[in-house]
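In what follows, a structure is listed as structure tokens, so that the remarks can point back to it.
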């Protein structure tokens, strides 16, 4: 009994499409039955509207038969579009021709010569009109009072697709009340009856006008994936004045299924005005593929991203070296899923341990060494000066010398903008490390030995989200409800994403190892040139804090306070990528610039490094700093975090 009763329940979902098709057939047939006498009356008004029943039935039957090839019974009325209207037009013409032919075959004269045309038009108006009315009524029924009102930024094809997707997803409770264009000459036009309110550059005026009319949306939604940087910042600032959230739709390829629309917060990296730089992927693969590659500091922010990108270039073996066991375990675990085919070796080691590094180089003999290991946190290095000197200067020298002795083709050293006119011990130590690597590279290129190790230095600023950087700190402070702590209202820093930074580091590695005859870039490298990533314009930290608050849907100062804490030891208000006397020189690769800082003879810098290492090991920090100041005369130490003037 139970199974017999449950059987119809299992069948009912299968019967629903059939029921809908039968309803479509019945409604289309009734409309055709009405259309036949109306068309006859329009063609011959003197004959009146009363006709035999067979005339009505003939109109209905011919329409149902003619509609089958055009799939009219399968149409979804609330999604009716141009393709459905084309099918209706085809079925109307076919039905009119068939009905007229039947009348003639059975000896009934046509009311007039224009009857087939009039009948086809009446069918088209009734069949298409009813579908359009149903769709409009359905859309009107969805417009609830509590719907989330949004304005889309970005029109044309992309906005059209999202408008369709939103319409097909009534459960989302979203209503688009306007569009803001990214192109010109579009204001006043409409897409799906939604008005284009103006150009995005007029965003402040548009929102002010909507505010006066009490028609402000609850959210502004970006539909164009490439809209970012300065324009996006302008939108965020204008929206903040009216407490409007700014969201982004996913890329069209992410709409799965197509009618599903999920609005997402604006990622912080979209605020950086960073055009996509084309990378020499083929050159990177030639450099990496089939070779043993060693990455120091493999568990850090830059080192781990280097490992990820290198692993995708098919090295023969990837050596991961880090002083922290947990960080090393994390990147090894990730690499096991990302590139399980790549042979990897995880090594816990300190770059300052000469015997350990010598043994590793002798055992694995890497062709390429990426040196990302360093102490990078300015106040911590200020508090531990001997450790900073031993790690950042001596450690770099240990790795470079061992790599040279064991036949490495190239060593790529990750440097920092804090090495330019340094005010911190960390920056001065990184500049000293740059100088040692410069001297090594000059010697290798001067000797003309193609097997001599190239020592390539790449300098850049902050990366978003790196360990110990301001962005993760702000996120933690936001989670606690604030305040967000900023050292000074005028503090500025250069930012780029870690993925982009590492991609350009690999680009510099390719360019630094593959010389081009008579190239100005190669000439600069022979003279000790350093690659500098094109970081764009510096960003005020307080502006970054405000934008992060806004991206969280909150208001700076009102919902979350910003507190100024003062400069910390070693910090300065601004960072520089180039020394005041060295102009940035473009290279023959986009995204890469060249700095030409002062160089020192290899013997001279080696003596200075030996002295600093000896003093640091003895704990004589004062003597070590004295040698460092002689080696880096532009080192203007700021141990107390004093505010000093900078570039305009």
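The values are calculated or read from the model by the stated rules, or taken from the named source; none is laboratory data. Please read these numbers as outputs of a predicted model, since none were measured by experiment. Counting neighbours? That spans all protein chains shown, and the Cβs are built from the backbone with ideal geometry, glycine included.
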Problem set entry | So residue 490, is it free of Cβ contacts under 8 Å to residues at least 24 places away in the same chain, over 23 Å from the mean Cα position of the chain (by Cα) and not in a strand (DSSP E or B) | no
Exercise. Which residue, of 307, 345, is in a helix (DSSP H, G or I), in contact (Cβ under 8 Å) with a residue 24 or more places away in the chain, more than 30 Å from residue 610 (Cβ to Cβ) and in contact with a strand residue (DSSP E or B) (Cβ under 8 Å, 6 or more places away or on another chain)?
Worked result: 307
Seminar exercise, completed: When every residue in region 228-243 that is in a helix (DSSP H, G or I) and exposed (fewer than 15 other Cβ atoms within 10 Å of the Cβ) is compared, the one modelled with the lowest pLDDT is 230
Problem set entry | Only listed residue being assigned to a loop (DSSP other than H, G, I, E, B) and more than 18 Å from residue 531 (Cα to Cα), chosen from 403, 408 | 408
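In region 551-582, which residue that is in contact with a strand residue (DSSP E or B) (Cβ under 9 Å, 6 or more places away or on another chain) and at pLDDT below 80 is surrounded by the fewest Cβ atoms within 10 Å (Cβ to Cβ)?
Within region 551-582, the first condition is being in contact with a strand residue (DSSP E or B) (Cβ under 9 Å, 6 or more places away or on another chain), and the residues that meet it are 551-554, 556, 560-565, 573-575, 577-579, 582.
With the extra rule that they be at pLDDT below 80, the set shrinks to 551-554, 577-579, 582.
Working: 551: 19, 552: 16, 553: 14, 554: 17, 577: 21, 578: 20, 579: 16, 582: 17.
It comes out as 553.
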Exercise. For region 506-612, which fully contained strands (runs of 3 or more DSSP E) count at least 2 residues that are under 17 Å from residue 461 (Cα atoms) and touching a helix residue (DSSP H, G or I) at 6+ places or on another chain (Cβ under 7 Å)?
Worked result: 530-533, 592-595
Exercise. Which of the residues belonging to region 357-397 are within 19 Å of residue 638 (Cβ to Cβ) and not in a helix (DSSP H, G or I)?
Worked result: 375, 376, 377, 384
Exercise. What single numbered condition from (1) over 36 Å from the mean Cα position of the chain (by Cα); (2) surrounded by fewer than 23 Cβ atoms within 10 Å (Cβ to Cβ); (3) farther than 23 Å from residue 641 by Cβ; (4) in contact (Cβ under 8 Å) with a residue 40 or more places away in the chain fails to hold for residue 401?
Worked result: (4)
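Being part of a helix (DSSP H, G or I), modelled with pLDDT of 85 or more and assigned by TED's automatic domain parsing to the domain that holds residue 42 narrows it down to one residue among 118, 88; which is it?
Checking each option against the conditions leaves just 118.
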Exercise. Of the residues in region 197-227, how many are closer than 23 Å to residue 174 by Cβ, touching a helix residue (DSSP H, G or I) at 6+ places or on another chain (Cβ under 9 Å) and not in a helix (DSSP H, G or I)?
Worked result: 13
